Amino acid sequence: MILMNLQTYQNQTSHPGEKDKIYIGYHPADQEKAARIRQQILLIHDCIIYEEDLEHTIEQEGRALALGQMQLLIFVITKRFLTEDNMARMVDFAEAKKAHARILPIVAEPGVEEAFDRICGSFHLLNGRSPDFPAEIRQYLAQYLEDAKVWDPERNVYVKYDRRKRMQECFSARIFLSYRKKDYRQALRLITRIHRDPQFEDADIWFDHFLTPGEEYNEEIQENLEKSDLFLLLITPSLLEEGNYVMTTEYPRAMALGKTILPVIMEQTDLLSLMKAYPGLPAPINEDLGKELEKHLANALAEKGLRTGRISYQNLFTLAKGYMDGICVEKDVPHGTLLLERAAKEGNPDAATELAELLLEDDRNTADAIYFLKLACREYARICRMEDAGDIPGNPLETGTRYGKTLDQLFRLQKLTEDYDGAYETLQDLLQITRRNAALGAMSATSNPGLVYMHMGELCYIREDYEKAEECYAQAYDIMEPLYRGGADWGVFRFGELMRNMRLLYQNILVNTGRTDLLKPAIGYGYKAMQAFLEICHRKHAHYEQVETEAFSLAGLAAGCEKVDMVSARKLHREVRAVYEELYDIAPSYTVAKGLALEYLALGELGDEETPREQQIAALEQALELFQRLREMNPEDAEVARYIQIALHDLGR
């Protein structure tokens, strides 16, 4: 089996053959960094980790086949990985992208994020050097690999289930595939062909791909052979090699158990020698003969009283996820996607939501994604109505939370495609469900009506209905201001966004109408936004750009204020300067330095009776020093050159 040519690592469990397969790719010089990531994963997740055996490199086709059966591919991102030739980036990463595999890049060195985006594309990155990495990788694995809750339409509830157990429950027949390990490619081709026929989608084809490396395999092979309904024998010339495991163990055992045997020729083989080596072998079927294989397989199962291909509504989604993730079946994302679409169209809201996400990930097919999100929303709404009426049992809060998240996804896509009327209608539905969820005790950020009112205000602002926008923002303020005072990160950040939106609203009306009475409210909201974002910066060391944007906007408002209220303008310039100084200390950048220099320049030019001339000169000197540093960094910036001349003039030089 090709996977055996890779190095394997695992923790000790009592579940052979039932572990997620994770590949870690890296530059050969980064083995130590990869080992630290591997150890962290094995501490928290029951899986097998595969890495390239640097002494025995697999050829490119073999690598693609091996990696295609992984549930997750992790790549260790370093400067060497990005800039030097290595198989992990040039072959493995490229093949994974082409196959739409689940990829998780983990940053192992500082300063490589921009280069990664440029060279490899836009992917969600985890920072392996962060103190939060253990919690973040645990959360990621729990979300994408471990068991999750899904909608069970038969019981009308969300249930947590073991993915492998549920997959086993979906199967209508069990087939044991016997083949030589060196014929892995043919085995995978045969299995994929059978499973892509709708009448065999729910057939369990067991082969030694599901064995766990390093564990005793005889007992597990024996057990699966005994449980099987059909013995499928893959024929190539390698079956004639003396002493092979199929000849000495699997075939004789199948004959002794009286199993129905279906031999399939995948490569021209000497049939006389084959019959002699395998006494009692039925006449083989040639894989190339049209639909003969499917016909014989269906007849063989029917003789056992087994009927495959009749997949119930509730099993479609489970099978789709199984094929997409390689759980109990070969990994086949295209076929899994087709099953997912069937499940969605038959009314499974979870399938419709997942399919929409897949469409956006792979094809950026926004129109189809919106279609399936609408399907999901209709079904979630129906379930919520039935739960609220007491017509069905279930978990109303869990259903409502999923419905709310799906409505939020739909709104964002409609806004992106400029369907503002549709987006507003979606927000009205979202407002209803968030109120319902809040009444049921929901505590999550997405269950907050204030956020919905804020989004409504944004849409009204885009449509230039400023009066309605102001009304929506006021309703959002009443709900979100207590959250800001409560101090939770989410509440502080969202309040900052609301204040920014209100500043934009009043600033825009001011520009379009000349109403100077709106200047102070615009400044007040902008100042609150800046302070909220600054608070988050200090807590999470992130969102610096929001602070800088608000500081820049307030500087512009301060300049406008100079014409009507010089004292207020100077006070505002001081506050903006103080924020720029904080930013310059914690996140220095060219634009921040430029903003700070401009504030020094403004304060140096805005003299009043209470400001000593010495302070003005000191401010101008600081402005000049900063502008001169900026000119050294970027001599092409004409603005900086002009400001230097202004500062020199103001200083009388």
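Exactly one residue out of Ile383, Ile370, Ile392 is outside any helix (DSSP H, G or I) and open to solvent by less than 30 Å² (accessible area, probe 1.4 Å): that is Ile392. Just one residue in the set Gly526, Gly514 is buried (at least 23 other Cβ atoms within 10 Å of the Cβ) and not aliphatic (A, V, I, L, M); that residue is Gly526. With respect to (1) at pLDDT below 90; (2) under 34 Å from the mean Cα position of the chain (by Cα); (3) open to solvent by 60 Å² or more (accessible area, probe 1.4 Å), the lone exception for Gly487 is condition (3). Of the residues making up the stretch 222-256, those that are open to solvent by 60 Å² or more (accessible area, probe 1.4 Å), farther than 16 Å from Phe207 by Cα and not polar (S, T, N, Q) are Glu241, Glu242, Met255, Ala256. Which members of the stretch 554-578 meet the condition of being over 21 Å from Asn501 (Cβ atoms) and buried (at least 19 other Cβ atoms within 10 Å of the Cβ)? Selection gives Ala569, Arg570, His573, Arg577. For the stretch 77-92, name all the residues that are in contact (Cβ under 8 Å) with a residue 40 or more places away in the chain and exposed (fewer than 15 other Cβ atoms within 10 Å of the Cβ). Across the stretch 77-92, the qualifying residue is only Glu84.
The sole residue among Arg378, Arg436 that is open to solvent by 20 Å² or more (accessible area, probe 1.4 Å), modelled with pLDDT of 90 or more and farther than 28 Å from Pro482 by Cβ is Arg378.
Return the total of residues in the stretch 550-576 being outside any helix (DSSP H, G or I) and acidic (Asp, Glu). Result for the stretch 550-576: 2. Among the numbered criteria (1) open to solvent by 70 Å² or more (accessible area, probe 1.4 Å); (2) in a helix (DSSP H, G or I), which one does Glu95 miss? Among (1) open to solvent by 70 Å² or more (accessible area, probe 1.4 Å); (2) in a helix (DSSP H, G or I), Glu95 violates only (1). When the test is whether a residue is within 22 Å of the chain's Cα centre (by Cα), modelled with pLDDT under 85 and over 12 Å from Ile433 (Cβ atoms), Asp368 does not pass it. Note on the stretch 632-647: among residues that are of a type in the set (A, V, I, L, M) and open to solvent by less than 70 Å² (accessible area, probe 1.4 Å), the one that is farthest from Leu598 (Cα to Cα) is Ala641.
Each residue in the stretch 493-517 was checked for being in contact with a Leu (Cβ under 8 Å, 6 or more places away or on another chain) and at pLDDT below 90, and 2 pass.
Cβ separations smaller than 8 Å between residues 6+ apart or across chains give the following pairs from the stretch 575-589 residues that are closer than 14 Å to Glu535 by Cβ to residues that are open to solvent by 20 Å² or more (accessible area, probe 1.4 Å): Leu583/Tyr544; Leu583/Glu548; Ile586/His538; Ile586/His541; Ile586/Tyr544.
Only helices (runs of 4 or more DSSP H) whose full extent lies in the stretch 150-232 are considered here, and the ones with at least 2 residues that are farther than 25 Å from Thr337 by Cα and either aliphatic (A, V, I, L, M) or at pLDDT below 80 (or both) are 218-227.
Entry remark, the stretch 439-465: residues being open to solvent by less than 50 Å² (accessible area, probe 1.4 Å) and of a type in the set (Ser, Thr, Tyr) number 2 in total. For the stretch 580-589, does any single residue satisfy the condition of being more than 46 Å from the chain's Cα centre (by Cα) and outside any helix (DSSP H, G or I)? Within the stretch 580-589, none of the residues are more than 46 Å from the chain's Cα centre (by Cα) and outside any helix (DSSP H, G or I). Taking the criterion of being open to solvent by less than 10 Å² (accessible area, probe 1.4 Å) and over 23 Å from Ala99 (Cβ atoms), the residues of the stretch 334-354 that qualify are Asn348, Pro349, Ala352. You will find that of Lys304, Lys331, Lys321, the residue that is open to solvent by 70 Å² or more (accessible area, probe 1.4 Å) and on the phi < 0 side of the Ramachandran plot is Lys304 and no other. Taking each residue of the stretch 101-116 that is under 30 Å from Gly322 (Cβ atoms) and looking for partners that are small (Gly, Ala, Ser) with beta-carbon atoms closer than 7 Å, six or more apart or interchain, yields Ile103/Ala96; Ile106/Gly128.
A Cβ distance below 7 Å, combined with a sequence gap of six or more or placement on separate chains, defines the contacts here; from the stretch 163-190, residues that are open to solvent by less than 30 Å² (accessible area, probe 1.4 Å) reach residues that are of a type in the set (Gly, Ala, Ser) and not in a strand (DSSP E or B) in the pairs Met167/Gly322; Ile175/Ser228; Phe176/Ser228; Leu177/Ala187; Tyr179/Ala187; Asp183/Ser238.
Taking the numbered list (1) over 17 Å from Ile191 (Cβ atoms); (2) assigned to a helix (DSSP H, G or I); (3) open to solvent by 10 Å² or more (accessible area, probe 1.4 Å) in turn, Lys259 passes all entries but (2). Residues in the stretch 285-297 that are open to solvent by less than 30 Å² (accessible area, probe 1.4 Å) and out of contact with any Phe, Trp or Tyr (no Cβ under 8 Å at 6 or more places or on another chain): Ile285, Glu287, Leu293. Evaluated against (1) open to solvent by 20 Å² or more (accessible area, probe 1.4 Å); (2) at pLDDT below 90; (3) not aliphatic (A, V, I, L, M), Lys33 falls short on exactly one condition, (2).
Identify, from the list Glu361, Glu357, the residue that is modelled with pLDDT under 85, open to solvent by 60 Å² or more (accessible area, probe 1.4 Å) and in a helix (DSSP H, G or I). Being modelled with pLDDT under 85, open to solvent by 60 Å² or more (accessible area, probe 1.4 Å) and in a helix (DSSP H, G or I) holds for just one of Glu361, Glu357, which is Glu361. So which residues in the stretch 535-591 are modelled with pLDDT of 85 or more, among the charged types (D, E, K, R) and within 19 Å of Gly604 (Cα to Cα), if there are any at all? Scanning the stretch 535-591 gives Arg570, Lys571, Arg574, Glu575, Arg577, Glu581.
Can you find even one residue in the stretch 406-415 that is open to solvent by less than 20 Å² (accessible area, probe 1.4 Å) and either outside any helix (DSSP H, G or I) or out of contact with any Ser or Thr (no Cβ under 8 Å at 6 or more places or on another chain) (or both)? There is no residue in the stretch 406-415 that is open to solvent by less than 20 Å² (accessible area, probe 1.4 Å) and either outside any helix (DSSP H, G or I) or out of contact with any Ser or Thr (no Cβ under 8 Å at 6 or more places or on another chain) (or both). Just to be sure, is Leu145 open to solvent by less than 20 Å² (accessible area, probe 1.4 Å), within 18 Å of the chain's Cα centre (by Cα), at pLDDT below 75 and within 23 Å of Ile22 (Cα to Cα)? In short, yes.
Residue-by-condition table, conditions (1) over 29 Å from Glu464 (Cβ atoms); (2) touching a residue at least 24 places away in the same chain (Cβ under 8 Å); (3) of a type in the set (S, T, N, Q):
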site: Tyr484; (1), (2), (3): no, yes, no
site: Gly487; (1), (2), (3): yes, no, no
site: Gly524; (1), (2), (3): no, no, no
site: Tyr527; (1), (2), (3): no, yes, no
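The values are calculated or read from the model by the stated rules, or taken from the named source; none is laboratory data. Quick caveat, the model's predicted, so the values are computed rather than measured. Heads up, the Cβs are rebuilt from the backbone with ideal geometry, glycines too, and the neighbour counts pull from every protein chain shown. Side chains are part of the model used for accessible areas, which takes the heavy atoms of the whole protein and leaves out ligands, DNA and RNA. Shrake-Rupley method; radii C 1.70, N 1.55, O 1.52, S 1.80 Å.
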